[in-house]
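S.K.: Before anything else, here's the structure in question.
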Amino acid sequence: MENSLKITGAPSLEELHRSPAYPPEDRLKKGPIAIIECIEENIGFLLYEYKKNQQNVQLIP
Amino acid sequence: MIQTELAIVGAGPAGLSAAIEAGRAGAEVLLIDENARPGGQLFKQIHKFFGSRAHKAGTRGVNIGRELLKESEELGIHTCLKGEVCGIEEGQNLWVVIDRKRSEIVKARKIILATGATENATAFPGWDLPGVMGAGAAQTMINVNRVLPGRKVLMLGSGNVGVIVAYQLMQAGAQVVAVLEAAPRLGGYGVHTAKVSRAGVPFHVSHTIKQAFGYDHVEAVEIVELDSSFNQIPGTEKILDVDTVCLATGLTPLTELAWLAGCEFKFIPALGGHLPIHDDRMHTTRDNIFIAGDISGIEEASTAMEEGRLAGINAACELGYISDEEAKLRTKEIWDSLNSLRSGYFGLKRRNSKDLMLQTGKEVI
C-alpha cells in the first residue's frame, strides 16, 4: 500500500522494501533477522540485527 | 520582599537547566514553580528520548528530571514551590502568590521566563462533558498520579503527543478505540505510530469529532470524515463507544508574563503562535528578561534544556559571573547542538522558524 506509514500508522511491506536499509536477499537467506521498524519518509529507517551468538544488537547504518 | 540575583519562573527542563548553569557559575538563583514539585512535564515522560547521546537519547524523561533535580539540589538552588507568579512590574519585580495563602514580591536583577506551554482545546458539542481532557492531562493522570482516566479512549490528534499518550494509555490498561487526525496524513514519528498501529488501534485520517454524547460523562462520540477543505462530509458519521476523549491538538506557549513585562512579540505559527522576540542569548526586548523553552516556541524537552542553558549562561554573564568571551563561546557551542536537534525531516521547519526569530532579534534587540 502506498503511503501506508502516514495513513495507517505502520509501513507496508512495499515501503519497507523501498528502504535502502532493508536486508538484502543474501542476508535473508542466512537465517532469521529481526527488523525493528523506525522508518520515516525521506530518511530511511534504522535496522537492528540481532546476533544470536554474540547476544548483542548491532545498528546497521 | 525577597531579593535575588536571578529569578527563574518555571522549574521544568528549561528552568532547571538555566538554574544549574547560572548556579554553577556562582549566581544566586531562585527557582519559582506553581507546582508542588519541580520537573515540569519531565516526570510524566516515561518514554526514552530521541536524538544523540549528548541530548540524553535513550534516557527516559523521568530519569532526566531526576538528574536535573539532583544537580540543582547539589548546587543549592533555592526553590519556591506552589508559587504562582501573577505579575511582573518594572521588568524586575515578580508578584508571587505562595500556596494560595500569601503574596510576596521577588525583586530580581535578572529574570528568566521558562513558563512552558498549555494544551490547546478543540470545541465540539459535548466537549464540556467530564471525560474530555487534554492528552497531556491524561498522561499526568496515568504516569504521575497512577489514575486511569477511562477504559475506552478516543484520541484526537496524531502528532507525537497523541500517539505517545495513546500507547501509554494502553500500557496503563485502557483500550484506545481509535486515533483521529483531521489532516489527510498522520503527524507523529513513524516509530510511534507504528507501535500503536501494530497494537491494533485504527487511525482515521481526515476525520474529526462531530459531537460527544453523555448525561454526566462521555458515553459515546460521533466522528465524521472531512473533505480536503476540512469541511464535514454529511453521511460519513460513525458512532464510537468511548468513555474518554483525549485532545492532542497542539500546544500554545504560555506568554502572559512576557506580555505583562512589555516584551515585543512576533507571530510564528510553526512555533506555536505569538512569541517573545529573542536573540541568540535568549534575551528578550526588555532589559533583564530572558526566556527559554516552550515560551520561545513549542519544541521538545531536549531543545528546552539547551535553551535553558543558553539563558542561564547569558544571565550569569550579565550578572558578572561569566566573561563575555566565555559566554559567547558556550553560546555558540549550544547553538551548534540546537541546530543538530533541529535537523532532518521533522526539524527543518523549526530550524527555519528559529532562524527567522533570531534574525528578528538581531534587528530589534
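Since every read-out is calculated from the coordinates, none of them should be taken as a lab result. The shown structure was predicted, so the numbers you read here are calculated from the model rather than taken from an experiment. Counting neighbours? That spans all protein chains shown, and the Cβs are built from the backbone with ideal geometry, glycine included.
S.K.: Mind sorting B:M305, B:M141, B:M1 by how few other Cβ atoms lie within 10 Å of their own Cβ, fewest first?
M.R.: Working: B:M305 29, B:M141 18, B:M1 7.
By the 10 Å Cβ count, ascending: B:M1, B:M141, B:M305.
S.K.: If a/c stays under 1.5 just call it rounded; otherwise compare a/b with b/c (prolate if a/b is bigger, oblate if not). Do that for chain B, with a ≥ b ≥ c from the square roots of the Cα gyration tensor eigenvalues. Intermediate values should be presented prior to the final figure.
M.R.: Numbers: a/c = 1.93, a/b = 1.73, b/c = 1.11.
Because a/c hits 1.5 or more and a/b exceeds b/c, chain B counts as prolate.
S.K.: Moving to a separate point now. Given B:I268, B:Y215, B:L186, which one lies farthest toward the positive end of the charge dipole of segment B:165-303, if we put +1 on the Cβ of every Lys and Arg and -1 on the Cβ of every Asp and Glu?
M.R.: It is B:L186, whose Cα lies furthest towards the positive end.
S.K.: Using a simple charge model, +1 on the beta-carbon of Lys and Arg, -1 on the beta-carbon of Asp and Glu, nothing else, what dipole does segment B:145-224 show about its Cα centre, in debye to the nearest 20?
M.R.: Details: 7 positive and 4 negative charges, 61 e Å.
Value, rounded to 20: 300 debye.
S.K.: If you don't mind, another one. In segment B:193-247, which chymotrypsin sites (Phe, Trp or Tyr not before Pro) are in a loop and have at most 15 other Cβ atoms within 10 Å, using DSSP for the loop call?
M.R.: Numbers: sites: B:F203, B:F213, B:Y215, B:F230; in loops: B:Y215, B:F230.
Sites meeting the loop and neighbour criteria: B:Y215, B:F230.
S.K.: Shape of segment B:1-155 from its Cα gyration tensor (a ≥ b ≥ c, root eigenvalues): rounded if a/c is under 1.5, otherwise prolate when a/b > b/c, or oblate?
M.R.: On the way: a/c = 2.42, a/b = 1.38, b/c = 1.76.
Since a/c reaches 1.5 but b/c is at least a/b, the shape of segment B:1-155 is classed as oblate.
S.K.: Using DSSP to define loop residues, name the chymotrypsin sites (Phe, Trp or Tyr not before Pro) in segment B:297-365 whose beta-carbon has at most 11 other beta-carbon atoms within 10 Å.
M.R.: On the way: sites: B:Y321, B:W335, B:Y345, B:F346; in loops: B:Y321.
Those that pass, being in a loop and sparsely packed, number zero.
S.K.: From zero up to wherever the largest Cα-Cα distance of segment B:275-359 sits, split into 10 Å bins and tell me the percent of pairs in each.
M.R.: 18, 54, 24, 3, 0
S.K.: A further question on this structure: By count of other Cβ within 10 Å, fewest leading, how are B:K56, B:K362, A:K6 ordered?
M.R.: Details: B:K56 19, B:K362 11, A:K6 23.
Final ranking by Cβ density, sparse to dense: B:K362, B:K56, A:K6.
S.K.: Averaged across the residues of B:193-205, what count of C-beta atoms belonging to other chains lies within 10 Å of each residue's C-beta? Don't skip to the answer; put the middle values down first.
M.R.: On the way: counts 8, 11, 3, 2, 8, 3, 2, 0, 1, 2, 5, 2, 4.
Counting other chains' Cβ atoms within 10 Å and averaging over B:193-205 gives 4.
S.K.: Let me ask something else about it. Run the helix sum for chain B: -39,500 (n - 2.57) per DSSP H stretch of 4+ residues, divided by residue count, reported at 222 nm to the nearest 500 deg cm²/dmol. Write down the numbers at each step before the final one.
M.R.: Details: 9 runs with 120 residues, N = 365.
Computed ellipticity for chain B at 222 nm equals -10500 deg cm²/dmol.
S.K.: Using a 7 Å offset from Cα along Cα-Cβ at B:W95, what residues in segment B:286-322 end up with backbone N under 20 Å from the label point?
M.R.: B:289
S.K.: For segment B:248-331, run through the GluC sites (Glu not before Pro) and keep only the ones in DSSP coil with at most 16 other Cβ atoms within 10 Å of their Cβ.
M.R.: Details: sites: B:E256, B:E264, B:E299, B:E300, B:E306, B:E307, B:E318, B:E325, B:E326; in loops: B:E264, B:E299, B:E300.
Here the sparse-neighbourhood loop sites are B:E264.
S.K.: Holding the Cα-Cα limit at 23 Å, pick out from B:K48/B:K70; B:K44/B:K195; B:K48/B:K328; B:K56/B:K266; B:K110/B:K349; B:K152/B:K349 the pairs that are longer than that.
M.R.: On the way: B:K48/B:K70 19 Å; B:K44/B:K195 19 Å; B:K48/B:K328 32 Å; B:K56/B:K266 31 Å; B:K110/B:K349 31 Å; B:K152/B:K349 35 Å.
Beyond 23 Å: B:K48/B:K328; B:K56/B:K266; B:K110/B:K349; B:K152/B:K349.
S.K.: Please report the antiparallel percentage of the DSSP beta bridges confined to the protein assembly as shown, to the nearest 5.
M.R.: Taking every DSSP beta bridge with both residues in the protein assembly as shown, the antiparallel ones total about 55 percent.
S.K.: Taking the dipole about the Cα centre of segment B:47-105, with the C-beta of Lys and Arg at +1 and of Asp and Glu at -1, give me whichever of B:L68, B:I105, B:N93 is farthest to the positive side.
M.R.: Value computed over the given set: B:L68.
S.K.: Report, in debye and to the nearest 20, how large the dipole of segment B:290-365 comes out about its Cα centre when Lys and Arg carry +1 and Asp and Glu carry -1 on their Cβ. Let's see the in-between values first.
M.R.: Details: 10 positive and 13 negative charges, 59 e Å.
The dipole magnitude comes to about 280 debye.
S.K.: Here's another thing I want to ask about it. Calculate the dipole size of the protein assembly as shown relative to its Cα centre from +1 charges on Lys and Arg beta carbons and -1 charges on Asp and Glu beta carbons; express the result in debye to the nearest 20.
M.R.: 1200
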